[in-house]
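One structure is given here, and the rest of the page talks about it.
Read-outs throughout are calculated quantities, based only on the coordinates presented, and are distinct from any laboratory measurement. Predicted model, so just to flag it, every value in this text is computed and none were measured. Cβ coordinates were reconstructed from backbone atoms using ideal geometry, including for glycine residues, and neighbour counts include every protein chain displayed.
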Number of protein chains: 2
Amino acid sequence: MKEIILNLLEQGKYADAKIEIIKMNVVDIAHLFEELEQQKLLVIFRILPKEIASGVFSYISNELQRYIIESITDKEIKNILDELFFDDTIDFLEEMPSNIVKKVLKNTDESTRNLINQFLNYPEYSAGSIMTIEYADLKKEMTIEQAIKHIKHTGVDKETIHTCYVIDEFRKLEGVVSLRKLILSEDNVLVKDIMKTDVIYVNTHDDQEKIAALFKKYDLLSMPVVDNERRLVGIVTIDDIIDIIDQENTEDFEKMAAMQPSEEEYLKTNAFILAKNRLTWLIILMISATFTGKIIRNFDAVLQSVVILTAFIPMLMDTGGNAGSQSSTLIIRGLALEEIHLKDVFKVLWKEFQVSLLVGIVLSALNFIRIYYFEKVDLLVSVTVCVTLLFTVVLAKIVGGMLPILAKKIKVDPALMAGPLITTIVDAVTLIVYFSMAKWLLGI
Amino acid sequence: MKEIILNLLEQGKYADAKIEIIKMNVVDIAHLFEELEQQKLLVIFRILPKEIASGVFSYISNELQRYIIESITDKEIKNILDELFFDDTIDFLEEMPSNIVKKVLKNTDESTRNLINQFLNYPEYSAGSIMTIEYADLKKEMTIEQAIKHIKHTGVDKETIHTCYVIDEFRKLEGVVSLRKLILSEDNVLVKDIMKTDVIYVNTHDDQEKIAALFKKYDLLSMPVVDNERRLVGIVTIDDIIDIIDQENTEDFEKMAAMQPSEEEYLKTNAFILAKNRLTWLIILMISATFTGKIIRNFDAVLQSVVILTAFIPMLMDTGGNAGSQSSTLIIRGLALEEIHLKDVFKVLWKEFQVSLLVGIVLSALNFIRIYYFEKVDLLVSVTVCVTLLFTVVLAKIVGGMLPILAKKIKVDPALMAGPLITTIVDAVTLIVYFSMAKWLLGI
């Protein structure tokens with residue numbers, strides 16, 4: 001299909017290409033656009049039916065959006081804006097430089113312009129910044145027949161009418177009713193008799209993470225957003241929530257790998273920004289490794305008299321780090337998914353203690369067999385290494401389990417604090433245990 | 001609210017408690033149930049209206065579901081099953097022991113029983129195992145008026161009617177039409193004139209990860225599932241997809257932290273299972289640390305003549321590990337979100353090379369200032385450490401960037417391969433560079 005279209009475009013048969021293109025899903029057309037020469041793309045974009053053009057527009061990259069807006073006439077811009085869903089318009093404008101925003105705003109009527117400005121001012125990541133204004137509103141005194149007629153009349157421009165919102169004369173939210181329920185009810189029933197009044201809603205300034213959690217908890221498809229007077233000002237729909245879930249997960253991945261989270265796609269971010277995002281934590285962690293260096297230098301004498309001890313430092317540190325990050329990852333994830341709560345701190349402590357004993361004993365035993373029997377290391381050195389290993393694993397897992405909960409308790413992001421810190425803490429303690437054990441057992 | 005209800009239950013005022021409870025959202029009632037004594041819970045459960053009872057039933061834990069099914073009569077079981085959505089029934093039965101499954105199946109008619117058995121046989125994580133059979137189907141020759149009448153007639157039991165599916169007389173999928181579009185169309189238009197025919201669908205055996213990716217790509221609310229003859233057998237709805245996205249993300253977190261992924265919640269998993277999930281990789285990684293040990297023992301002489309070199313081993317290894325896992329995390333995530341593709345391998349290579357040079361130079365310079373000027377370490381040793389650091393960071397980032405892409409190329413899960421392996425590789429190479437550099441620069 002793609003090849004056929006590319007071929008037609010190659011031969012300059014734009015009208016034929018258009019016929020094929022409009023059979024495609026707008027998402028796929030947007031993907032196709034990313035691969036076309038800009039000149040060709042512009043020709044095609046201009047001959048697409050406007051509802052398809054605006055659909056495609058909302059899925060192409062910011063660079064292409066910018067190129068198109070810069071290249072088309074004011075009249076064409078107006079046509080696209082008319083068809084574009086309001087939240088897609090806001091998403092697009094948020095990413096554009098001010099000259100493009102101006103060019104777009106010039107082509108809107110005053111009330112839309114005011115609304116756009118208002119939306120662009122909501123804090124980033126707030127309900128206000130992700131909501132749309134295209135929803136169906138009803139009054140509770142309407143009959144089902146009137147309600148459906150009202151939706152038919154006004155619904156064409158609405159992004160979603162699956163859930164309808166019931167408001168009073170001051171636009172205060174009174175209830176919700178699903179289109180499904182409207183359809184399945186008798187014509188002469190009143191809206192107020194079938195609406196649900198225990199509505200789950202958020203405020204314009206609520207954080208998107210909170211909203212995503214509510215969507216998950218209550219299996220919602222959309223959620224009303226109200227202002228401080230509980231007046232309905234917009235709704236958030238589930239397709240935006242899915243993007244937010246991915247975004248929040250990416251942030252956690254980045255924080256746990258000791259990076260400053262970034263919203264930009266990797267391939268679209270330049271090397272300087274990438275380096276900047278990674279440097280902060282690397283510097284902090286590098287400097288904190290001064291402690292491990294100090295510890296080793298303090299035990300100089302031990303290392304000099306039994307040089308082979310050095311050979312096991314990497315294994316001990318790595319195993320400790322791995323054991324610790326296993327625990328912290330599980331706890332951070334459990335906290336994020338709200339499967340683990342602050343009150344579970346002792347349950348986690350006890351569980352990690354049991355697990356770490358089991359894991360530590362197995363690892364120590366295997367390691368003893370490996371270094372004493374196979375590598376023929378001195379018995380006392382082998383014992384020193386294996387006892388340290390057991391200690392390290394127990395400690396790493398307990399620290400790994402507790403650190404995220406502690407972070408949450410003092411209201412620091414668990415992923416941010418626990419991910420990177422665990423290695424440093426475990427390293428330092430491992431070395432101290434190792435050398436103390438060596439001094440004691442080997443009598444240095 | 002919760003306190004009021006608990007109080008009423010304490011005083012044995014079940015009827016009053018019921019009045020308060022049925023005002024709540026079923027999700028919240030389910031949460032409340034988890035905190036009640038089983039005896040009280042059972043009394044309450046039995047007096048709830050059956051549509052609320054079944055809603056609550058689908059949200060409570062498997063343990064409570066089991067307890068309830070074991071305690072209530074066959075007639076009551078039948079009432080719940082009648083109200084429960086089909087996919088919730090399957091989800092619940094999948095987690096139950098066989099005696100409970102038998103007790104439940106005994107209370108269904110033969111056709112439902114056959115259907116349940118068929119669904120329980122779909123492979124885990126397949127479209128078949130997560131789909132529901134409650135959807136609205138239309139015929140393309142229907143008028144809108146007939147279609148809406150048909151939905152009104154049959155829609156009461158359907159989990160979702162937001163999207164309706166158009167099938168031919170052999171149940172082959174011909175198109176989809178949204179309820180929104182039905183409502184907004186004229187009564188005498190035909191379904192076939194407004195239905196979309198480029199339907200995104202999956203096969204019963206397709207993997208849930210693929211399905212989630214399609215939902216995200218096309219912003220869908222539901223998706224049809226067909227058999228090998230393209231006959232419609234069920235639909236997948238977006239609320240199930242959100243759970244799957246979380247589940248897949250948790251798996252990636254676990255794999256990257258060197259654990260066997262598990263579907264169980266942390267607090268509900270016993271210590272032996274947790275230990276088992278963590279041990280495999282810890283053992284592999286511990287044994288692979290044999291190499292780093294061997295390398296150190298090979299360079300015994302170097303360490304013995306300049307003991308201070310040992311003090312920087314942890315810092316070099318940790319910084320290398322951190323730098324590498326930053327890169328691998330970004331690439332693994334980019335691959336998972338389909339922002340990075342196999343063909344981008346050289347772009348990634350070039351970007352990581354630039355970033356690593358920037359990061360490496362800054363870290364080396366800072367480190368030089370720290371150890372040469374502040375810690376008064378010998379100049380040549382300082383140079384050795386800082387040159388190694390630069391090498392380590394460049395290498396770690398390139399390995400970290402390439403390993404996930406290589407994994408994907410040879411069809412191994414990038415999170416599984418790249419996460420844990422990176423430390424081992426970087427450790428070994430760091431030590432070799434460090435000691436070689438020391439031998440050369442310090443003339444040992």
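Descriptive notes on the structure:
- Most mobile of B:G175, B:G334, B:G321 in a GNM of chain B (Cα contacts under 10 Å): B:G334
- Per-residue 3J(HN,Hα) values for region B:134-148, derived from phi via the Karplus relation 6.51 cos²θ - 1.76 cosθ + 1.60 with θ = phi - 60°, read 8, 9, 9, 10, 10, 10, 6, 7, 5, 7, 4, 4, 4, 4, 5 Hz in sequence order (x marks Gly and Pro).
- 20 Å Cα-Cα threshold exceeded, pairs from A:K50/A:K149; A:K50/B:K196; A:K50/B:K139: A:K50/A:K149; A:K50/B:K139
- In this structure, A:L349 and A:L190 have a Cβ-Cβ separation that, at R0 = 41 Å, corresponds to a calculated FRET efficiency of about 0.15.
- Straight-distance candidates among the lysines for linking to B:K268, with alpha-carbon spacing under 17 Å and chain neighbours fewer than 8 residues away dropped: A:K343, A:K347, A:K351, B:K276.
- Chain A, helix-only ellipticity at 222 nm - DSSP H runs n ≥ 4, -39,500 (n - 2.57), divided by all residues, nearest 500: -21000 deg cm²/dmol
- Using θ = phi - 60° and Karplus 6.51 cos²θ - 1.76 cosθ + 1.60, couplings along region A:74-86 (whole Hz; Gly, Pro as x): 4, 4, 5, 4, 4, 4, 5, 4, 4, 8, 5, 5, 4
- Inter-site label distance for B:V307 and A:D246 at 7 Å from Cα along Cβ, in nm: 5.6
- Surrounding net charge for A:N62, when Lys and Arg each add one and Asp and Glu each subtract one, Cβ distance under 10 Å: -2
- Chain B: most fluctuating residue of B:N25, B:N270, B:N107 per GNM, C-alpha cutoff 10 Å: B:N270
- Beta bridges per DSSP with both ends in region A:32-187, % antiparallel, nearest 5: 55
- Placing a label point 7 Å from the Cα of B:Q39 along the Cα-to-Cβ line, the residues of region B:1-30 whose backbone N sits under 13 Å from it are B:10-12.
- Chain lengthening between A:R46 and A:I410 when straightened (0.36 nm per residue, less Cα-Cα): 125.5 nm
- Contact order for region A:58-178, expressed relative to its length and based on alpha carbon pairs under 8 Å spaced 6+ residues apart, stands at 20 percent.
- For chain A, the longest principal axis of the alpha carbon atoms and the long axis of helix A:271-298 meet at an angle near 20°.
- Euclidean distance between Cα centres, region B:1-62 to region A:324-364, Å: 32
- Cα centroid separation - region B:98-171 against region B:248-298, whole Å: 41
- Principal axes of region B:353-444: Cα extent on each, largest first, Å: 49, 27, 18
- Label-point spacing at B:E141 relative to the other copies reads 4.7 nm, in ascending order, each point sitting 7 Å out from Cα along Cα→Cβ.
- Highest mobility in the GNM of chain B, judged by mean-square fluctuation with C-alpha springs under 10 Å and restricted to B:A271, B:A30, B:A428, is found for B:A271.
- Inter-copy label distances at A:R230 (7 Å, Cα→Cβ; nm, one decimal): 5.3
- Using a cutoff of 8 angstrom between alpha carbon atoms and counting only pairs six or more residues apart, the relative contact order for chain B works out to 11 percent.
- Cross-link partners of A:K376 among lysines (Cα-Cα below 17 Å; sequence separation of 8 or more within a chain): B:K294
- Legend: distances between Cα atoms for B:K2/B:K102; A:K75/B:K172; A:K409/B:K217; A:K216/B:K210; A:K409/B:K255; pairs beyond 32 Å are B:K2/B:K102; A:K75/B:K172; A:K409/B:K217.
- Note on region B:63-91 and region A:407-438: Cα centroid distance 47 Å, given to the nearest whole angstrom.
- Amide proton proximity set for A:L138, modelled H, under 5 Å, gap of 5+: A:Y165, A:V166, A:I167
- Reach of B:K13 by Cα under 14 Å, taken over aspartates and glutamates that are not fewer than 8 positions away in the same chain: B:E3
- In order along region A:41-55, the phi-based Karplus estimate (6.51 cos²θ - 1.76 cosθ + 1.60, θ = phi - 60°) of 3J(HN,Hα) comes to 4, 5, 4, 4, 4, 6, 9, 6, x, 5, 6, 6, 4, 6, x Hz; Gly and Pro are listed as x.
- Across identical copies of the chain, A:N270 has label-point separations of 5.9 nm, listed in ascending order, with the point defined 7 angstrom from Cα along Cα→Cβ.
- For region A:2-121, the relative contact order comes to 21 percent (Cα pairs under 8 Å, sequence separation of at least 6).
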